[in-house]
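Since every read-out is calculated from the coordinates, none of them should be taken as a lab result. Since the model is a prediction, treat every value here as computed from it, not as a measurement. Glycine also receives a Cβ, built like all others from the backbone with ideal geometry; neighbour counts cover every protein chain displayed.
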Amino acid sequence: MDIKEKHAEVPTSDVSSQVVVLFVVSRSHNNPMQQINIPNPQNEHIDNEPINDAQVIDEQRIDESQVIPLRRSKRQRRPAITNDYVVYSLEHECDLSIDEDPVSFRQAMESNNSEKWFDAMKEELKSMDDNKVWDLVELPKGAKRVGCKWVFKTKRDSKGNIERYKARLVAKGYTQKDGIDYKETFSPVSKKNSLRIVMALVAHYDLELHQMDVKTAFLNGDLEEEVYMDQPEGFMTTGKEKLVCKLKKSIYGLKQASRQWYLKFNDTILSYGFVENTVDRCIYIKVSGSKFIILVLYVDDILLATNDIVLLHDVNKFLSNKFEMKDMGEASYVIGIEIFRERSQGVSGLSQKRYIKKVLERFRMENCSSRIVPI
């Protein structure tokens with residue numbers, strides 16, 4: 001399929017009225033299969049001579065001798081979802097977890113950084129207490145509870161330096177039953193191509209580009225179903241060990257957690273005057289006279305591109321009042337992609353150098369010879 005691009009000169013005056021974020025989605029349509037009649041050369045000359053039973057038996061023996069028995073694998077099949085499955089990969093999709101982080105509460109307490117991990121867990125529970133995530137109740141008769149576990153992660157910057165130690169309390173969502181504990185799980189995320197288009201606009205119009213991070217984003221989603229969870233290991237309430245947590249907010253690990261967070265954020269940002277893109281539902285734009293601002297949402301990472309610094313501060317203030325936010329300043333590293341700019345030359349670049357390096361280290365190819373590739 002030949003694709004022709006048409007370029008039009010866009011005047012720089014009144015940029016907001018002429019900047020249109022277009023996302024072209026091409027879908028390949030396969031041509032319907034055409035029925036092809038292939039002539040059978042054996043049927044071209046049909047003799048009327050009768051075929052006796054001996055000939056049929058001989059032909060069957062020849063065909064059976066040519067049949068090759070199928071080889072069947074004797075390996076034991078493993079289930080696609082293991083018992084240690086947790087829905088936590090969205091936050092570090094581009095991370096290969098090379099750091100030897102503890103995989104259990106006991107390992108964290110026996111590690112050299114036990115105090116830092118313990119402080120991280122207390123910070124996580126404080127966030128849950130501030131958001132009023134659960135109430136301690138007795139487990140109703142006939143109700144089942146889901147387990148929970150601690151997930152530990154060493155957060156690093158684009159240069160590989162340790163930023164902080166992070167602990168996340170995650171529900172074991174694999175025990176949830178469809179139609180009982182959850183109904184819908186779908187949650188959109190912004191496409192990588194959308195990010196490239198926004199970055200092209202940022203470079204062309206020399207826009208301000210800032211990044212914000214939503215702290216404990218999933219805890220903001222309202223939970224519609226009744227879900228009961230065990231108390232977190234190491235932090236059970238004294239004298240109430242037999243009680244369970246009745247969840248009021250969606251917690252990391254629940255199958256519907258990401259969807260509930262998206263619905264909450266979508267309603268909040270639309271109420272402020274943003275308009276949702278019809279092709280990429282995680283791209284929003286707001287226009288006010290000659291001012292405009294574009295918002296890119298990727299789970300809990302937010303990029304803001306605008307031609308007016310005052311509008312940027314207004315949106316920043318609005319989001320901070322609605323959610324617990326962390327202002328990262330000018331964007332430099334988001335979803336595993338390093339962003340660098342040379343505003344004087346109108347150039348913006350995206351790099352995944354650290355991700356490539358970690359891939360090489362994982363497969364022990366960090367010392368391989370580099371070659372130029374056409375990309």
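With θ taken as phi - 60° and the Karplus curve 6.51 cos²θ - 1.76 cosθ + 1.60 applied, the whole-hertz 3J(HN,Hα) list for region 351-356 is 9, 10, 4, 5, 5, 5 Hz, x standing for glycine and proline.
Pairs with C-alpha atoms separated by more than 22 Å, drawn from the list Lys166/Lys215; Lys159/Lys255; Lys116/Lys144; Lys122/Lys215; Lys149/Lys242; Lys122/Lys153, are Lys159/Lys255; Lys116/Lys144. List, in the order given, every pair from Lys192/Lys317; Lys141/Lys246; Lys132/Lys264 whose Cα-Cα distance in the structure shown is over 18 Å. Pairs exceeding the cut-off: Lys192/Lys317. Of the peptides 293-300, 126-133, the ranking by mean beta-carbon count within 10 Å, highest at the top, reads 293-300, 126-133. Derived from the Cα gyration tensor, the three semi-axes of the equivalent ellipsoid of region 300-375 are 34, 18, 7 Å, largest first.
For Gly349, neighbours were defined as the other residues whose beta-carbon sits under 9 Å from its Cβ, and their charges (Lys and Arg +1, Asp and Glu -1) total -1. Considering only alpha-carbon pairs that sit under 8 angstrom and 6 or more positions apart, the relative contact order computed for region 84-362 is 23 percent. Each residue of region 252-264 is assigned a 3J(HN,Hα), and the resulting list reads 4, x, 5, 5, 9, 4, 5, 5, 5, 5, 4, 4, 5 Hz, derived from the Karplus form 6.51 cos²θ - 1.76 cosθ + 1.60 (θ = phi - 60°), x at Gly and Pro. Its alpha carbons considered, region 84-362 gives a radius of gyration followed by a Dmax of 20.2, 68 Å. Ordering Thr306, Thr268, Thr238 from the fewest to the most neighbouring beta carbons within 10 Å gives Thr238, Thr268, Thr306. Compactness check for region 203-276: Cα Rg over 2.2 N^0.38 Å is 1.58. For Val146, nonlocal amide neighbours, meaning residues 5 or more places apart or on other chains whose placed amide H falls under 5 Å from its own, are Tyr228, Met229, Asp230. Around the amide H of Ala331, modelled in the peptide plane, lie the amide H atoms of Leu209, His210, Gln211, all under 5 Å away and 5 or more residues distant in sequence or on another chain. Take each peptide in 164-173, 324-333, 339-348, 206-215, count the other Cβ atoms within 10 Å of every residue, and average; sorted highest first, the result is 164-173, 206-215, 324-333, 339-348. For region 225-375, what mean projected area does the convex hull of the alpha carbons give, in nm²? With the hull built on Cα positions only, its mean projection is 15.7 nm².
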